[in-house]
Amino acid sequence: MAETIVFGSPEPNIRYVTSKRGLTHGKFAPLHKGHQLLIETALSEMDEVLAIIYDCPQITPVPLTVRANWIRSLYPTVQVIEARDGTGSGSSTIR
């Protein structure tokens, strides 16, 4: 039997979702103190944090994977998603 997840429902037998998820996105080219403050604030206030990093070869010569690994190494609990097609195409390849 499928479990129904409802926010704030007074109905019995319904599981409440209490985890908080944070999302940040950008080029992180390069990763700087402002980015770190954003990620660290999200980590302190959320149960899970995702960071979407998009490719931007026209802006930085630093490869997407290198920038993603900066965040992975500093913040191992952050789920990092590499958006290889950037922000304009509407599609991405997730690693």
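The values are calculated or read from the model by the stated rules, or taken from the named source; none is laboratory data. Bear in mind that the values here come from a model prediction, so they are computed numbers and not experimental data. Backbone-built Cβ (ideal geometry, glycine too); neighbour counts: all protein chains shown.
Things worth noting here:
- Some residue of the range 50-69 being assigned to a loop (DSSP other than H, G, I, E, B), touching a helix residue (DSSP H, G or I) at 6+ places or on another chain (Cβ under 7 Å) and either hydroxyl-bearing (Ser, Thr, Tyr) or at pLDDT below 95 (or both): yes
- Taking residues in the range 67-83 that are farther than 11 Å from ILE53 by Cβ, and partners anywhere that are surrounded by 17 or more Cβ atoms within 10 Å (Cβ to Cβ), the pairs with Cβ atoms closer than 7 Å and at least 6 places apart or on different chains are TYR75/ILE39.
- Residue, farthest from the chain's Cα centre (by Cα), within the range 38-54, restricted to residues that are surrounded by fewer than 13 Cβ atoms within 10 Å (Cβ to Cβ) and closer than 15 Å to PRO76 by Cα: SER44
- Check on ALA83, surrounded by 15 or more Cβ atoms within 10 Å (Cβ to Cβ), under 21 Å from ARG21 (Cβ atoms) and either charged (D, E, K, R) or at pLDDT below 95 (or both): yes
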